[in-house]
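All remarks here apply to the structure that follows.
The values are calculated or read from the model by the stated rules, or taken from the named source; none is laboratory data. Predicted model, so just to flag it, every value in this text is computed and none were measured. Cβ placement follows ideal geometry from the backbone for every residue including glycine, while neighbour counts extend to all protein chains displayed. Accessible surface areas use protein heavy atoms only, side chains included; no ligands, DNA or RNA. Shrake-Rupley method; radii C 1.70, N 1.55, O 1.52, S 1.80 Å.
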Amino acid sequence: MTTTDPDTGFRALDATPMGYGSMRRKEDARFVRGKGRYLDDIVLPGMLHAAILRSPHAHARIVSIDTSAAEAHPRVRAVITGETLAGLGLAWMPTLSHDVQSVLATDKVRFQGQEVAFVVAEDRYSARDALALVDVEYDPLPAVIDAQHALDADAPVIRDDQEGRTDNHIFDWEAGDAAATDDVFARADVVSSCDMLYPRSHPAPMETCGSIASMDPVSGKLTVYTTTQAPHAHRTVYALVAGLPEHKIQIISPDIGGGFGNKVGIYPGYVCAVVGSIVTGAPVKWTEDRSENLMSTSFARDYHMRGEIAATHDGKLLGVRVTVLADHGAFNGTAQPSKMPAGLFHVFSGSYDLAAAHCAVTGVYTNKAPGGVAYACSFRITEAVYLIERLVDVLAHDQGWDPAELRRTNLLRSEQFPYTTALGWEYDSGDYPRTLATALDMAGYDELRAEQKQVRSAYERGESPMLMGIGLSFFTEAVGAGPRRTMDILGLGMADGAELRIHPTGKAVLRLSCMTQGQGHQTTFAQIVAEELGISPDDIEVVQGDTDQTPFGLGTYGSRSTPVSGAATAMVARKVRDRARIVAAAMLEVSPDDLEWEKGAFRVAGDPAAAATMNEIAMAAHSDLELPDDVEGHLDATCVYNPPNLTYPCGAYVCVVDVDTATGQVKVRRFVAVDDCGVRINPMVVEGQVHGGLADGIGMALMEVMAFDTDGNHLGASFMDYLLPTAMECPSWELGETVTPSPHHPIGAKGVGESATVGSPPAVTNAVLDAIRVRHADMPLTPAAVWRAVRGTPLRTDLAIG
Ligand code: MCN
Ligand code: CUN
């Protein structure tokens with residue numbers, strides 16, 4: 001489908017494919033002209049502007065709040081506090097994890113940046129100015145910042161709003177067979193263990209979060225424009241939380257400038273905007289700035305893990321045992337399937353054939369922002385993959401084994417699929433050995449090891465400070481939640497809807513419950529319809545993000561759009577095709593069984609000249625054509641897809657780094673990524689998704705961390721401190737693919753949106769540690785951390801304490 005210019009390396013794209021293939025994204029015609037319509041572009045008549053006063057303390061009792069000076073500001077229209085909200089029963093709201101979170105603080109503030117007051121004014125500047133006029137008296141309390149001390153007997157109790165609470169414990173959860181795992185470890189020849197922290201990070205989307213609420217006092221209709229990845233779920237939650245009738249709530253998600261999980265949940269500012277609109281009778285816009293986004297919205301990771309791996313003398317992996325301390329911040333607000341407090345961490349047994357595995361996860365409160373599952377996390381699979389892929393390297397390090405060989409000999413073989421893991425999850429398909437072999441071939445693994453030896457001998461001779469590292473990871477992802485029987489969010493089962501309308505002239509409109517944030521849905525979902533019906537993607541409009549216009553479904557996260565909404569799209573297109581067959585039969589005066597489908601047309605078997613194209617069928621379906629009595633006219637159809645299982649993409653990554661031991665500086669020289677996401681709808685879009693995730697991996701492994709000081713002061717509240725990778729830090733990615741279709745997905749596709757974010761951090765980390773021959777050091781491997789690791793004095797980068 002694509003041709004590459006041998007001189008420039010640029011790829012020219014052919015004409016729009018009638019189905020799968022690399023085509024330019026339809027939405028980009030808008031975006032590259034600056035014609036996107038993001039939340040802050042929306043201006044409603046008479047709209048007011050809001051700002052939030054936030055806590056400077058990580059933990060403090062609120063003694064008093066005096067809003068009189070702010071209220072006296074000539075352009076201020078309302079000042080809302082926790083007390084105002086308490087009067088409406090809205091001071092606390094339910095989180096996605098069966099906890100409550102304060103919308104505006106009443107009793108205490110529990111993290112730095114927590115919402116304390118909401119000021120609505122005639123313009124944005126006045127709203128900001130008036131924040132300084134709100135006088136809050138705090139009585140500071142000691143803060144719990146290090147999760148490892150949250151359960152100490154003398155730790156301050158953060159959630160004393162909960163009656164009878166005397167500690168910071170949230171939950172204990174375990175999975176796997178503890179006895180069988182202990183047994184395997186008792187029989188093992190070798191065991192390696194390692195303590196590791198997957199540090200707290202932030203998705204940091206380019207566009208921050210915000211909301212415009214408009215309550216029509218006459219009709220009682222609430223319209224909320226908001227940056228959400230899950231518009232329908234938001235509507236239901238607003239209805240449940242605020243007691244508003246759901247049919248009178250319309251959620252509109254305009255263009256979204258990146259979500260990465262940050263835009264799944266409902267933030268206090270959204271609720272306050274609704275209250276602000278009710279109180280003032282005018283639309284209220286609230287948008288946060290960068291620091292507010294970094295300090296108060298959904299973070300990711302913060303998993304303190306202890307892993308053990310057991311093997312035989314000759315390198316057969318036997319089992320894995322894990323304990324995790326999960327730092328959930330001040331409110332338990334993780335966005336993941338409700339019955340799964342550690343998300344899908346179950347896949348920590350990785351891509352290997354293990355006899356047994358067990359994990360125990362304990363969740364704790366700390367004085368940090370809540371959230372917990374965001375940043376291309378696949379519901380904690382990022383942490384699980386990092387754990388197992390680090391453990392495999394630690395074992396290889398301890399035993400002097402080659403990490404590639406250790407993986408090769410233990411990967412699941414293709415004849416083992418469908419494979420049920422020690423934790424009971426059924427991996428649908430894969431050809432892991434071929435995926436790994438492809439990556440190692442592309443990288444030239446043996447030559448790299450030979451070069452590494454030479455670089456090391458020059459280093460050991462004192463001729464050069466440079467070392468070279470080669471890091472591998474092999475990951476199995478689990479994406480496409482539900483099925484709804486086992487997975488729900490606040491009782492809403494995880495299934496997706498699709499509606500397909502075919503107009504008389506053969507043009508189509510596809511309405512979906514999922515919501516693109518940059519993944520190219522307007523293009524790729526049109527391509528699915530094109531593949532099924534032979535209508536050009538250019539003739540198919542994809543509608544998302546408006547609950548009044550789209551069918552119910554749980555939204556876009558956990559790379560579930562292709563596995564669930566993509567399946568719904570294929571199924572609804574097939575329903576349309578079934579209807580088209582009946583119409584075509586009436587047109588051609590034959591039995592439906594005599595027709596053969598050839599993309600875009602039905603032909604009479606044995607009489608190729610007798611045919612009806614989709615265009616002709618569409619017009620006929622709306623005409624006076626006589627149809628059988630039991631057949632409705634038109635071709636339109638709807639579908640709800642409840643996935644039978646998750647899809648399990650995989651990938652093999654090889655990272656090559658150069659490490660300057662004199663400065664600790666790491667340069668990623670090469671990155672080979674072979675991904676298997678089943679059938680690729682738009683290979684160019686898939687590659688774009690992988691590029692983004694690989695950059696995430698460099699960010700996580702080398703620079704991103706939400707650090708705090710011991711008082712709970714946030715040390716990463718701007719992009720000066722919270723470092724994101726740029727093109728400067730990224731090599732030219734070398735991508736490869738294997739394709740093992742998902743057997744249970746209608747088009748054999750698996751999700752890919754988070755694969756590279758999941759798979760790349762361990763590859764980069766393994767590469768750096770391989771270079772300096774250090775068994776383990778926690779991410780991010782900043783120059784300071786590497787410099788210290790080389791000298792044998794590890795650095796803890798998440799806390800500003802030595
Ligand atoms: N695709 C394809 N063939 C496949 C699989 C996917 O062509 N076999 C295409 C899809 O049709 C879609 C894109 O790749 O256009 C990503 O699809 P999918 O893997 O289903 O992921 P989602 O659409 O559900 O996106 C969610 C995922 C998540 S959870 C995060 S986090 C993340 C990610 O996507 N956030 C992103 N990628 C992002 N990319 C951008 N630009 N912005 C974000 O916020
Ligand atoms: Cu967890 S980040 Mo994505 O699932 O939206």
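For this structure, a couple of remarks:
- Test: residue in region 393-402 that is without any contact (Cβ under 8 Å) to a residue 12 or more places away in the chain and part of a helix (DSSP H, G or I): yes
- For residue 689, the conditions (1) within 16 Å of ligand 2 (Cβ to nearest atom); (2) in contact with a strand residue (DSSP E or B) (Cβ under 8 Å, 6 or more places away or on another chain) all hold with the exception of (2).
- The requirement of being in contact with a strand residue (DSSP E or B) (Cβ under 9 Å, 6 or more places away or on another chain), more than 27 Å from residue 25 (Cα to Cα) and among the charged types (D, E, K, R) is fulfilled somewhere in region 645-661, by at least one residue.
- Residue in region 208-232 that is nearest to ligand 1 (Cβ to nearest atom), counting only those that are open to solvent by less than 10 Å² (accessible area, probe 1.4 Å) and in a loop (DSSP other than H, G, I, E, B): 229
- For residue 768, the conditions (1) of a type in the set (A, V, I, L, M); (2) open to solvent by 10 Å² or more (accessible area, probe 1.4 Å); (3) over 22 Å from the mean Cα position of the chain (by Cα) are fulfilled apart from (2).
- Selection count, region 257-282, where residues are within 16 Å of ligand 1 (Cβ to nearest atom) and either assigned to a helix (DSSP H, G or I) or surrounded by 24 or more Cβ atoms within 10 Å (Cβ to Cβ) (or both): 7
- Among the residues making up region 741-758, those that are over 22 Å from residue 202 (Cβ atoms) and within 11 Å of ligand 1 (Cβ to nearest atom) are 741, 742, 745, 747, 748, 749, 750, 751, 752.
- Single residue of 626, 596, 632 found to be touching a strand residue (DSSP E or B) at 6+ places or on another chain (Cβ under 7 Å) and either assigned to a helix (DSSP H, G or I) or open to solvent by 20 Å² or more (accessible area, probe 1.4 Å) (or both): 596
- Residues that are hydroxyl-bearing (Ser, Thr, Tyr) and closer than 30 Å to residue 107 by Cα were ranked within region 161-207; the one that is farthest from ligand 1 (Cβ to nearest atom) is 166.
- Out of 183, 167, 195, 160, sole residue that is open to solvent by 60 Å² or more (accessible area, probe 1.4 Å), in a helix (DSSP H, G or I) and more than 22 Å from residue 298 (Cα to Cα): 183
- Among (1) open to solvent by less than 10 Å² (accessible area, probe 1.4 Å); (2) aliphatic (A, V, I, L, M); (3) within 23 Å of the chain's Cα centre (by Cα) - the single one residue 656 does not satisfy: (3)
- Residue within region 529-549 that is open to solvent by less than 20 Å² (accessible area, probe 1.4 Å), within 16 Å of ligand 1 (Cβ to nearest atom), under 22 Å from the mean Cα position of the chain (by Cα) and hydroxyl-bearing (Ser, Thr, Tyr) present: no
- Residue under evaluation residue 324, criteria (1) part of a helix (DSSP H, G or I); (2) touching a Cys at 6+ places or on another chain (Cβ under 7 Å), criterion not met: (1)
- You will find that of 462, 482, 430, the residue that is surrounded by fewer than 14 Cβ atoms within 10 Å (Cβ to Cβ) and part of a loop (DSSP other than H, G, I, E, B) is 462 and no other.
- Against the list (1) touching an Asp or Glu at 6+ places or on another chain (Cβ under 8 Å); (2) charged (D, E, K, R); (3) open to solvent by 10 Å² or more (accessible area, probe 1.4 Å); (4) assigned to a strand (DSSP E or B), the condition residue 680 fails is (4).
- For region 417-428, the condition holds for no residue, the condition being that it is under 30 Å from residue 56 (Cα atoms) and in contact (Cβ under 8 Å) with a residue 60 or more places away in the chain.
- Out of 200, 235, sole residue that is at pLDDT 95 or above, touching a strand residue (DSSP E or B) at 6+ places or on another chain (Cβ under 6 Å) and buried (at least 18 other Cβ atoms within 10 Å of the Cβ): 235
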